[in-house]
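See structure below.
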Amino acid sequence: MISVLGVFNADLKFLVERFPKTGETLHAISFEVQPGGKGFNQAVASRRAMGDGGTVVMLTQLGEDNFAQMARGVMEREKIDASHVLTSAAMPTGTAMIMVEEKSADNKIVIAPGAASLLGEKEVNGFGDVITSSTLFMTNLEVPMVAAKAGLVHARANSVKTLFDPAPACQLAPELYQQLDFITPNESEAGLLVGFDVRALDDAVKAGKILCSRGVGTAIVTMGSLGVVAVSGKETITMPAFEIENTVDTTGAGDAFNGCFAARFSEGAKLEDALRFASAGAALCVGKFGAADAMPLKKEIEEFMSK
């Protein structure tokens with residue numbers, strides 16, 4: 001079982017020909033309201049990547065509004081356990097404004113986590129039994145740091161593997177690294193954590209070794225089109241990215257990678273196999289428009305890998 005502490009956001013998504021300049025108003029090519037949020041995307045990715053087997057539990061807090069109904073409807077459709085999702089009348093459900101540039105598929109994102117921003121140590125302690133029963137616990141920094149830390153500490157104290165996506169990026173307390181079996185920064189996040197630009201694979205290896213020296217079990221640095229680098233005390237793996245014909249939307253790529261990695265690893269796969277599966281999942285994701293809805297199915301990933 002995988003437990004995911006994170007945010008659900010209703011993504012207000014604009015497809016634009018180009019990003020507007022400061023003070024400029026542009027017409028969008030299209031607009032959609034889609035399910036998203038890092039934790040939610042990762043939960044959907046994990047559940048889809050597990051196929052018919054396995055359980056994914058979402059740990060979050062929603063408001064009392066139509067977006068909360070949307071979230072619960074998607075969790076029911078995706079067969080994600082929502083029995084521990086909290087509700088708050090104090091704030092609305094999280095939202096995000098996302099612009100995607102048509103030609104480059106690059107994005108710009110602003111989030112308002114809403115009710116999930118109220119999650120703290122008390123609420124996470126209430127999730128304790130679920131976390132303890134998990135094979136792997138996954139979280140990120142769209143929830144408050146105090147909540148993420150409480151979940152990671154509880155998981156490690158109960159011998160549950162931990163996966164931490166340090167996004168949105170910020171400096172981490174030194175003791176937090178010691179709670180992490182896996183950390184999965186992209187190149188810019190890794191650069192912020194180690195204090196130098198991570199632009200090439202050699203930079204990623206250097207950054208990974210620094211993160212491991214701080215107490216991380218395995219540092220996995222995703223490098224976009226350059227591939228992925230994984231560094232642990234035992235080995236260093238460099239894996240090229242999968243090539244796809246058409247990149248449409250990069251919004252959920254990192255979440256697809258994390259969710260697919262978590263699914264494969266929790267099923268007992270070796271590190272290299274889990275990395276390859278996750279990389280394939282991320283490649284498939286960027287070929288679709290959307291975030292949670294773009295997460296690939298296990299069958300799709302396996303067919304893509306076989307080719």
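Say we look at region 143-159 and pick out the residues that are in contact (Cβ under 8 Å) with a residue 12 or more places away in the chain and of a type in the set (Gly, Ala, Ser); which of these is surrounded by the most Cβ atoms within 10 Å (Cβ to Cβ)?
Step by step, filter region 143-159, then rank; the result is Gly151.
Here is a list: Leu119, Leu86. Which entry is crowded, with 24+ Cβ neighbours inside 10 Å, more than 20 Å from Ala263 (Cα to Cα) and among the hydrophobic types (A, V, I, L, M, F, W, C)?
None of the others qualify; the one that does is Leu119.
Out of (1) of a type in the set (Ser, Thr, Tyr); (2) touching a residue at least 60 places away in the same chain (Cβ under 8 Å); (3) more than 22 Å from Asp273 (Cα to Cα), what's the single condition that is false for Ser213?
(2)
With the requirement that a residue be over 16 Å from Ser46 (Cβ atoms) and free of Cβ contacts under 8 Å to residues at least 60 places away in the same chain, what does region 69-81 give you?
Residues satisfying the conditions are Gln69, Arg72, Gly73, Glu76.
Any idea which residue in region 103-116 is farthest from Leu26 (Cα to Cα), counting only those that are surrounded by fewer than 17 Cβ atoms within 10 Å (Cβ to Cβ) and touching a strand residue (DSSP E or B) at 6+ places or on another chain (Cβ under 8 Å)?
Only one residue fits best here, namely Ala112.
Give Val100, Val124 a once-over and let me know the one that is over 18 Å from the mean Cα position of the chain (by Cα), among the hydrophobic types (A, V, I, L, M, F, W, C), within 30 Å of Thr22 (Cβ to Cβ) and surrounded by 20 or more Cβ atoms within 10 Å (Cβ to Cβ).
None of the other options fit; the residue is Val100.
Across region 53-76, what is the total count of residues that are among the hydroxyl-bearing types (Ser, Thr, Tyr) and either surrounded by 23 or more Cβ atoms within 10 Å (Cβ to Cβ) or in contact with a Leu (Cβ under 6 Å, 6 or more places away or on another chain) (or both)?
The number of residues fulfilling the criteria is 1.
Just to be sure I understand, how many residues within region 148-171 are among the small types (Gly, Ala, Ser) and more than 16 Å from the chain's Cα centre (by Cα)?
Adding up the residues that qualify gives 4.
Check every one of the strands (runs of 3 or more DSSP E) wholly within region 1-61 and list those with 2 or more residues that are of a type in the set (Lys, Arg).
none
Hey, among the residues in region 281-295 that are farther than 16 Å from Gln34 by Cβ and buried (at least 24 other Cβ atoms within 10 Å of the Cβ), which one's farthest from the chain's Cα centre (by Cα)?
Among those residues, the one meeting the criterion is Gly281.
Return the residues of region 272-307 that are more than 23 Å from Asp106 (Cα to Cα) and in a loop (DSSP other than H, G, I, E, B); say none if nothing qualifies.
Leu297, Lys307
Determine, yes or no, whether Glu123 is in contact with a strand residue (DSSP E or B) (Cβ under 9 Å, 6 or more places away or on another chain) and under 24 Å from Thr184 (Cα atoms).
When the stated conditions are applied, Glu123 does not pass them.
Values in this text are rule-based calculations from the coordinates and carry no lab data. What you see is a predicted model, and the numbers here were worked out from it, not measured in a lab. Glycine also receives a Cβ, built like all others from the backbone with ideal geometry; neighbour counts cover every protein chain displayed.
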